Amino acid sequence: MNIILLGPPGAGKGTQAKILEGIYNIPQISTGDMLRAAVKNGTELGRQAKSFMDAGQLVPDSLVIALAEERMSAPDAAGGFMLDGFPRTQAQALALDDMLDRLGKKIDVVLNFEVPRPALIERMSGRRTCQQCGVGYHVKFAPSREADKCDKCRGELYQREDDKETTVAKRLQVYDESTKPLIDYYARKELHQVINGDESPDKVTAQIRKIVDAA
Ligand code: ADP
Ligand code: ADP
Ligand code: ZN
């Protein structure tokens, strides 16, 4: 099963992807997580991506496309994968179609997370991320047991630079301009399914299972 998780920043894609990994036994492929790891490790890619990410802008297509293709070709993605945060532009969607053709794969379903804008802003502003393992928390909706410490690995929690208020507004604008048009692109391919992301994580997972199990 090859799934695309589409939706604005803060919609809950990463949270659901981590839950679904355990249910369907397919990996989450998050270009955002991979780019943050590259920045943290000080690689050439990280060096090139950092200023775009901190400004809430998209990293150039060519960099992200190469990153996604490499990851999708890895052995653990052979039996299926969930793309989280990719594609994000029309050029990335076209490149993905090419890639899938070459790899002899296809997308089975595109899950489009809908969440009202005020909720997105509240989710992003309260999001905390583990420095060490990348797991996400929320100060109000999903707090860690001990303040600023990851439940799973005891790593330190931090607020992403791009989750600060001014950058959040920029990211929502970039989503509207560059990523939202992909809804139509996948609707035309009859792959698009709406998920009401404005419910508890459990209820969101239940909606997804219904659609994926039927696909
Ligand atoms: P969120 O989970 O809030 O939607 P991500 O972790 O997916 O955010 O992305 C964080 C940042 O990484 C983006 O604002 C962008 O700068 C960069 N990024 C991630 N995925 C892509 C992509 N597919 N194309 C371009 N930039 C990307
Ligand atoms: P995305 O990957 O789409 O950017 P995340 O999964 O990182 O979004 O979620 C953004 C923030 O909202 C995180 O702090 C997360 O803990 C929280 N969150 C995720 N799903 C829900 C939900 N259904 N209800 C309330 N908060 C949520
Ligand atoms: Zn951790």
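The values are calculated or read from the model by the stated rules, or taken from the named source; none is laboratory data. On a predicted model such as this, the values are computed, not experimentally measured, just so you know. All Cβ positions, glycine included, derive from the backbone under ideal geometry; neighbour counts span all protein chains shown. Protein only, heavy atoms only, side chains kept; ligands, DNA and RNA dropped before computing areas. Shrake-Rupley method; radii C 1.70, N 1.55, O 1.52, S 1.80 Å.
Could you please state, rounded to a whole Å, how far the C-alpha centre of the stretch 144-215 is from the C-alpha centre of the stretch 1-22?
The two parts, judged by their Cα centres, are 6 Å apart.
Could you tell me the relative contact order of the chain? Use alpha-carbon pairs under 8 Å, at least six residues apart, and round to a whole percent.
Averaging sequence separation for qualifying contacts and normalising by length gives 29 percent for the chain.
Can you tell me the dipole magnitude for the chain around its Cα centre, using point charges on the Cβ only (Lys, Arg +1; Asp, Glu -1), in Debye to the nearest 20?
That gives the chain a dipole magnitude of about 400 debye.
Hey, in the GNM for the chain with a 10 angstrom Cα cutoff, which one of A68, A11, A187 fluctuates hardest?
Maximum fluctuation in the GNM of the chain, among the listed residues, is at A187.
May I ask you to derive the FRET efficiency for V194 and M99 from their Cβ-Cβ distance with R0 = 30 Å, giving the value to the nearest 0.05?
Computed FRET efficiency for V194 and M99 comes out at 0.70.
For the stretch 1-116, report the accessible area per residue in Å² (1.4 Å probe, heavy atoms, rounded to an integer).
42
Size of the dipole of the stretch 153-215 about the Cα centre, Lys and Arg at +1 and Asp and Glu at -1 on the beta carbon, nothing else charged, in debye to 20?
Using Cβ point charges on Lys, Arg, Asp and Glu, the stretch 153-215 gives about 180 debye.
Once you have the alpha carbon radius of gyration of the stretch 152-215, what is it after dividing by 2.2 N^0.38 Å, with N set to its residue count?
In units of the globular-protein estimate, the stretch 152-215 measures up at 1.53.
In square nanometres, what is the average projected area of the Cα convex hull of the stretch 1-96?
Mean shadow area of the hull around the Cα atoms is 6.1 nm².
If contacts are Cα pairs under 8 angstrom and at least 6 residues apart, what is the relative contact order of the stretch 132-199 in percent?
Reported as a whole number, the value is 16 percent.
Return the calculated 222 nm mean residue ellipticity for the chain, to the nearest 500 deg cm²/dmol, obtained by summing -39500 (n - 2.57) across DSSP H runs with n ≥ 4 and dividing by the residue count.
-14000 deg cm²/dmol, from helical runs alone.
How high is the relative contact order of the stretch 34-111, in percent, with contacts defined as C-alpha pairs under 8 Å that are six or more residues apart?
It comes to 17 percent, rounded to a whole number.
Compute the signed sum of charges (Lys and Arg +1, Asp and Glu -1) over the other residues within less than 14 Å, Cβ to Cβ, of P118.
Result for the neighbourhood of P118: -1.
When all alpha-carbon pairs of the chain are counted, what percent fall beyond 33 Å? List each step's numbers first, then the result.
Values: 2076 of 23005 pairs.
Percentage above 33 Å: 9.
Excluding residues on the same chain fewer than 8 positions from K50, give the lysines whose Cα lies under 17 Å from its Cα.
Correct list for K50: K40, K164, K170.
What number, in nm² with one decimal, is the all-direction average of the projected area of the convex hull of the alpha-carbon atoms of the stretch 53-135?
7.2
Just the ratio, please: alpha-carbon radius of gyration of the stretch 1-43 over 2.2 N^0.38 Å, N its number of residues.
Ratio of Rg to 2.2 N^0.38 Å for the stretch 1-43: 1.28.
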